[in-house]
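S.K.: Can you read through this structure? Questions will come right after.
The values are calculated or read from the model by the stated rules, or taken from the named source; none is laboratory data. Owing to the predicted nature of the structure, the values given are computational and were not obtained by experimental measurement. Every residue, glycine as well, gets a Cβ built from its backbone with ideal geometry; the counts of neighbours run over all protein chains shown. With ligands, DNA and RNA removed, areas are computed over all heavy atoms of the protein, side chains included. Shrake-Rupley method; radii C 1.70, N 1.55, O 1.52, S 1.80 Å.
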Amino acid sequence: MIVTNTQTVRNAEDLIRRHIQERPEKPRSVQEISARYQQAIRQYQTLMKAQNDNREQRVMLYAEIKTLGWCIGRDEQKVVKEINTPMR
């Protein structure tokens, strides 16, 4: 089980806030983030089924999924559960 401490979460949230403030373009909507979140989970599950070694890709997607989950207000345990639950 992966546990994230409070300071790490605060740092990630601060990083996201600074990024949003420094972006001249419009921030992504909740719908866009949610769609990317679902897409990334599908990609991750496909990589998990693949025969070749794709550890780097899986780690990057896992991190992206967790970050997107935080952005849309999902609890970390729920994100991990959704990552490991096969999608239809």
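S.K.: Inside region 28-43, can you point out the residues that are part of a loop (DSSP other than H, G, I, E, B) and not charged (D, E, K, R)?
M.R.: To start, the set of residues in region 28-43 that are part of a loop (DSSP other than H, G, I, E, B) comprises 28-29.
Ser29, the sole residue that qualifies.
S.K.: Suppose we filter region 63-74 for residues that are outside any loop (DSSP other than H, G, I, E, B), of a type outside the set (Val, Ile, Thr) and open to solvent by less than 70 Å² (accessible area, probe 1.4 Å); how many remain? Give the derivation first.
M.R.: Start the filter on region 63-74 by keeping residues that are outside any loop (DSSP other than H, G, I, E, B), which leaves 63-71.
Remaining after also requiring of a type outside the set (Val, Ile, Thr): 63-64, 66, 68-71.
Okay, now just the ones that are also open to solvent by less than 70 Å² (accessible area, probe 1.4 Å), so 63-64, 66, 68-69, 71.
Looking only at that region, the number is 6.
S.K.: A further question follows. From the list Met48, Met60, exactly one residue is modelled with pLDDT of 85 or more, surrounded by 10 or more Cβ atoms within 10 Å (Cβ to Cβ) and more than 11 Å from the chain's Cα centre (by Cα). Which is it?
M.R.: Just a single option satisfies the conditions, and that option is Met48.
S.K.: Taking Ile2, is it open to solvent by 80 Å² or more (accessible area, probe 1.4 Å) and either at pLDDT below 85 or not in a helix (DSSP H, G or I) (or both)?
M.R.: On the way: open to solvent by 80 Å² or more (accessible area, probe 1.4 Å): yes; either at pLDDT below 85 or not in a helix (DSSP H, G or I) (or both): yes.
For Ile2, the condition - open to solvent by 80 Å² or more (accessible area, probe 1.4 Å) and either at pLDDT below 85 or not in a helix (DSSP H, G or I) (or both) - is met.
S.K.: Based on this model, can you work out whether Gln77 counts as open to solvent by 100 Å² or more (accessible area, probe 1.4 Å) and modelled with pLDDT of 90 or more?
M.R.: Values: open to solvent by 100 Å² or more (accessible area, probe 1.4 Å): yes; modelled with pLDDT of 90 or more: yes.
Answer is yes for this residue.
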